[in-house]
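Colleague: The structure that follows is given in the form of structure tokens.
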Amino acid sequence: MKIKEYRTQFIQELTPIYDAGEAESFFYLILEEKQHLKRIDLALNPDLTFSDEAIQEWNSILKQLKKEIPVQYLLGKTSFYGLDFEVNENVLIPRPETEELVEWIIESQKLRTKRQDPKAKGQKLKILDIGTGSGCIAISLAKNILNAEVFAIDVSEKALATAKKNAEINSVNVTFLERNILETEDLEQQFDSIVSNPPYVRELEKQEIMKNVLDNEPHLALFVDDNDALIFYRKIAELAQKNVSQNGQLFFEINQYLGKETVDLLEKMNFKNIELRKDIYGNDRMIKAEFR
């Protein structure tokens with residue numbers, strides 16, 4: 001069967017669930033992963049065909065996509081901040097909004113390095129990522145901030161196993177620690193920056209979550225109790241008060257509906273220079289604060 005013909009069938013079968021553009025993007029993601037062909041290859045060679053075995057494999061993937069299993073889980077990989085990451089049911093699929101947070105951290109660290117006393121030039125910046133999941137934030141920072149010594153914490157042993165593998169894939173050194181941050185009283189060392197994308201979706205917001213996320217991604221990394229939605233932010237801020245160096249920075253990805261509440265929390269805890277930023281979709285999504 002010609003690949004071009006199968007493409008039409010593939011998109012038609014998925015359009016009752018996904019829009020045509022998304023279905024088409026799935027097709028080309030899978031085509032590149034399974035047949036090592038790009039869109040341009042198909043355009044230049046419209047008579048390319050699938051073998052019977054390939055069609056069997058594609059039909060199996062199509063069946064799972066119809067069940068709204070994320071394509072990243074089916075392929076076992078995704079791209080984040082220009083890097084490749086393995087993903088599975090034990091970790092969240094990295095989002096574009098989190099790439100924006102990583103970009104902000106990298107920009108901020110470059111500015112801090114420029115402002116440093118010349119005697120401090122060349123010193124390592126110690127960065128901690130709390131709730132690392134796939135390791136996407138920690139690994140991207142380790143890859144792009146050359147003088148960074150990066151640590152990452154997660155409560156899930158299986159998530160940490162995935163993160164460690166991703167560090168190997170991207171050839172970076174990150175120190176991974178298994179720890180329940182809510183039960184941690186002290187981080188036992190000082191950090192220049194702490195970053196976290198903790199669970200922040202309230203139970204009352206479940207109806208807003210797409211089915212493919214709700215049914216497949218780990219709830220441990222997504223949801224918090226309606227009555228204490230800022231539990232992780234409060235705890236991490238408390239630890240930052242003890243374990244962030246002078247003029248150290250704290251970065252959060254946040255619930256878009258709780259921007260003001262998160263800023264108020266940090267103000268009450270004596271953080272300074274608090275900045276709330278919107279994401280590419282215009283939602284309050286990330287915060288930077290300093291502790292002096």
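Colleague: Pull up the cross-link candidates among the lysines for K165, meaning alpha carbon to alpha carbon under 20 Å and not fewer than 8 places away within one chain.
Modeller: By straight Cα distance, K165 reaches K77, K143.
Colleague: Relative contact order for the stretch 138-250: what is it in percent, counting Cα pairs under 8 Å that are at least 6 residues apart?
Modeller: The normalised contact order for the stretch 138-250 reaches 28 percent.
Colleague: How big is the equivalent ellipsoid of the stretch 102-223 along its three axes, where each semi-axis is √(5λ) from the Cα gyration tensor, reported in whole Å from largest to smallest?
Modeller: Numbers: eigenvalues 168, 48, 44 Å².
Semi-axis lengths for the stretch 102-223 are 29, 15, 15 Å.
Colleague: So, one more: How long are the three semi-axes of the equivalent ellipsoid of the chain, in whole Å, if each is the root of 5 times an eigenvalue of the C-alpha gyration tensor, listed from largest down? Write down the numbers at each step before the final one.
Modeller: Numbers: eigenvalues 303, 94, 55 Å².
Working from the Cα gyration tensor, I get semi-axes of 39, 22, 17 Å.
Colleague: Averaged per residue, what accessible area in Å² does the stretch 68-215 show with a 1.4 Å probe, protein chains only?
Modeller: Each residue of the stretch 68-215 exposes 48 Å² on average to a 1.4 Å probe.
Colleague: Treating each Cα of the stretch 185-251 as an identical point scatterer and ignoring solvent, apply the Debye formula and state log10 I(q)/I(0) at q = 0.18 Å⁻¹.
Modeller: Debye curve over Cα of the stretch 185-251, log10 I(q)/I(0) at q = 0.18 Å⁻¹: -0.73.
Colleague: Residues with amide H under 5 Å of R179's amide H, sequence separation 5 or more or different chain, H placed in the peptide plane at 1.01 Å from N; which?
Modeller: Under 5 Å from the amide H of R179: D154, V155.
Colleague: Under the rule of at least 5 residues apart or a separate chain, name every residue whose amide H is placed under 5 Å from the amide H of R202.
Modeller: Residues meeting the amide H criterion: V224.
Colleague: Okay, next question. Per-residue counts of other Cβ atoms within 10 Å, averaged by peptide: what ranking do you get for 196-208, 239-251, highest first?
Modeller: In descending order of packing, they fall as 239-251, 196-208.
Colleague: With θ taken as phi - 60° and the coefficients 6.51, -1.76 and 1.60, list the Karplus ³J(HN,Hα) couplings across the stretch 169-176 in order, rounded to whole Hz; mark glycine and proline as x.
Modeller: Rounded to whole hertz, the list is 4, 9, 6, 10, 9, 10, 8, 9.
Colleague: Give me the accessible area of E97, 1.4 Å probe, in Å² rounded to the nearest 10.
Modeller: In the full protein context, E97 sits at about 30 Å².
Colleague: Then there is this: Find how much the distance from L48 to E261 grows on full extension, using 0.36 nm per residue of separation minus their present alpha carbon separation; answer in nm with one decimal. Mind showing how you got there, number by number?
Modeller: Numbers: separation 213, 0.36 × 213 = 76.68 nm, distance 5.58 nm.
Contour length minus Cα-Cα distance gives 71.1 nm.
Colleague: Starting at the first residue of the stretch 46-59, write each ³J(HN,Hα) from the Karplus equation 6.51 cos²θ - 1.76 cosθ + 1.60 with θ = phi - 60°, in whole Hz, x for Gly and Pro.
Modeller: Result, ordered by residue: x, 9, 4, 10, 9, 6, 4, 5, 5, 5, 4, 5, 5, 5 Hz.
Colleague: Just by accessible area at a 1.4 angstrom probe, what is the order of S60, S108 from largest to smallest?
Modeller: S60, S108
Colleague: Assuming a viscosity of 1.567 mPa s and a temperature of 4 °C, what translational diffusion coefficient in µm² per second does Stokes-Einstein assign to the stretch 162-214, Rh being the Kirkwood radius over Cα pairs?
Modeller: 87 µm²/s
The values are calculated or read from the model by the stated rules, or taken from the named source; none is laboratory data. Being a predicted model, the structure only gives us computed values, none of them experimental. Cβ sites come from the backbone with ideal geometry, for glycine too, and all protein chains shown count toward neighbours. Areas reflect the complete protein model, heavy atoms only, side chains present, ligands, DNA and RNA absent. Shrake-Rupley method; radii C 1.70, N 1.55, O 1.52, S 1.80 Å.
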